[in-house]
Structure formats: C-alpha cells, structure tokens
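Presented below is the structure to which this report refers.
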Amino acid sequence: MLHLHACSCQFPSLKKGFEGASEQVENARVIHQRRLSFPKFVSSIDRINTRKNTSEKIFKSDNKISKRYIIAASSGHCEISSKDGFWKQLNALYQFSRPHTIFGTIIGISSVSILPIKSLADISPTFFVGLLKALIPSLLMNVYVVGLNQIFDVEIDKVNKPNLPLASGEISMELGIAIVITSLIVSFGMGIKFQSPPLLAALIVSFFLGSAYSIELPLLRWKRNAALAAICIMVVRAIVVQFAFFAHIQYVLLRPMLYTRSLVFAVTFMCIFTSVIALFKDIPDVDGDRDFGIQSFSVRLGQERVFWLCISMLVAAYGVAMVIGATTSSLFSRLVTVLGHFLLACFLLFQAQSVDISSQVSVTSFYMLIWKLFYAEYLLIPFFR
C-alpha cells in the first residue's frame, strides 16, 4: 500500500486511473446487485399478473356459469310451460269426449256382454277380443255423437256450458270438426272390418240418431222437440246397447240368438232410466234453451216439476227392480238385487232433498250423480238370472 501510495503521489495521472477503475468496479457491483434483485421483482410482477389473469378467468367462468344457470332456468321455465300446455290441451280433448258418456258406454257394453255367459269356460280370449271389438268402435262413435252436438250447440253452450272446450275456445272449431270426422270414419271402418252384423247395426243406428239429434238441417235437429230428443237417447242407450251388444257377443261365441230374462229386464229398466237422463239433462240448461228456441220439458213445464218427475220415475223403477229381483232363482242374487236397489233408492231420495233447483251448479252436480246411479245399475243387471 505504501509503495502504491508513493507511486500515485509521484505519478498523478496514474492516480486518476486507479480512481476511475475503482468507480467502475463500484458501478459494476451495484448493477450486479440490481440484476440479482430483478428476478424477484419480475417474479412478483408475474405473480400479480397471474393473479389478475386467474381472477379474470374466474370472473369469466362465473359469468359463463351464471349464464348457464340463467339459460337452464329459462329453459326449465319454458319446459314447464310447455308441459302445462300439453296437459291442458290433453284435458281439453278429454272434456270434449264428455267423459260421463264414455264411462257409461264402457260400463254398459261390458255389463251387457256378460249376460250371454253361462259358465266360466265362456270367459275366454275369444270373449275378450269380441268385447274389445265392440268397445273401440262404439267409443269412437260416442265421440262423434257428443262432438257433433258441441259443434252445432257452440253458441248455446256459451250460455249453458261455458266451460266446454269448444265454447271456451280451448279447442278450435277446425280441430273439433277434424276429431268428429276422424272418429266417424275409423268407427265405421272398424265396424265393417270386424264383420259382426249386430255391431255394425248398432253403429249405423247410433250415427243416424246422433246426427238427427244435433245437425241443423230441415227435418233434423230433433233436440228442438222434447219427445224426439228423449226418444233418440232412449233408443241408443236403452235398446241398441242392450240388444245389439248382447247379440254381438252371442255371434262372437257362435251361439244361437236367445234372449234371456236379464236382457228383458235391462231393456225395460234402462228405457225408464234413459228417459230420466233425457229429461234431467235440460234442467240446468233452461236459460240457453229458452233463448235459442229449444222447447225442452224444463222450458215448458218448469224446472222443479221436471226435477221431481225424474225422481219419482227413478224411485218407481227401483221399486219394480226390487220386486223382480225377489223372484230370481239364486238367494245371493235376490239379496244383491233387492238390497242394492233399496240402497240406491234411499241414497237418491236423501241427495234430492239438498238440491237447490235455482242453482245451476247444484242441479248439474245432481245430474252427474244420476249418471253414477246409471253406472251402478249396470253392476246389478248381471245378477238378474
């Protein structure tokens, strides 16, 4: 050191060189330290950027998920609305068929088809196939008849039965006409294909009387006349259903045509019962029938008089049924027919006391009750042996 200091004192230029070199070394050291700390700085910047990108990705992902949930919720709402619309339309078609008449047709034909059976051996696949051949075209003809009536009565129904599908607009007139025509064509097509003369005869008579009852043409629209309207219903429900389908099952089972005691009772009793239905159905419809010039018995005689006339006819029919039931050969059959009709008569009289004749809702509800008694009667008819 002493030697270098001495040299630097003697040689000033050399001293400046050393000082410049030392400064350069110091600068180099600082730069080196900065370089060492720079990766940490870069790393921290990278971490910040990474977090920022991650946050953006999460935010975008959340937005996508939120959008998916919104879309899913919207789709679910649309799906629910679509399902609701489907079931509503299906229910409208169901109501268009007038379910109480459909049930009456099913129970009536099934009950009458049992009457020719003499033993358990007769309940065979042939019998069930024959029953189905009777039921399907008959139900289609039923849809034709009640649908045709709704088409020609749409203005009256807006007053009397505003909840019916055509009157309320749930079913368009075009769709109603299409259903009616399709049902008629398929019904006749099946009737011809099945090659059963009694079945085809029943379809033809039902078509003719159902059309004459409703269609607005000269010499038709028989529902305007109370007597003709009652005859239409009685012939189809009491006579055609009993005789034709009894004969159809005998034809299917390859039996000779024999009419039994139970069949005669069924025809007689149902003539009375269907007359009651024909009279009673007009009681809640007085306002619309009067406005459109339909002279039903309820319009001409008054609702209360017709109501109690119907009750009296049914009670009398139940009394006759009990007398006939007491003469059946089997003790079990006597018990079922006598007790069954006695209970039905008591139930009818009890329910009749609570009906408010001035209330359309009350009278309509009781009319549906009469249809349930109609179904119950078909459960008792097979016991008249």
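Structural remarks
- Extension gain from L175 to R224, taking 0.36 nm per residue of separation minus the Cα-Cα distance: 15.0 nm
- Cα gyration tensor shape for region 251-385, rounded if a/c is under 1.5, else prolate or oblate: prolate
- With both labels modelled 7 Å from their Cα along Cα-to-Cβ, the E304 to L331 distance reads 4.9 nm.
- Peptides 242-249, 156-163, 262-269 ranked from most to least packed, by the mean per-residue count of other Cβ atoms within 10 Å: 242-249, 262-269, 156-163.
- Distance between region 362-385 and region 145-173 - C-alpha centres, whole angstrom: 25 Å
- Computed label-point distance, nm, for sites A376 and S362 using a 7 Å Cα→Cβ extension: 2.1 nm
- Taken over region 85-238, lysine pairs spaced eight or more positions apart, or on distinct chains, with alpha carbons under 25 Å apart number 6.
- Region 230-249 and region 284-352 have Cα centres spaced 19 Å apart.
Throughout, read-outs are computed from the coordinates displayed, never taken from laboratory work. Since we're looking at a predicted model, the values are computed, not measured. No Cβ is skipped: glycine too gets one built from the backbone with ideal geometry, and neighbour counts run over all protein chains shown.
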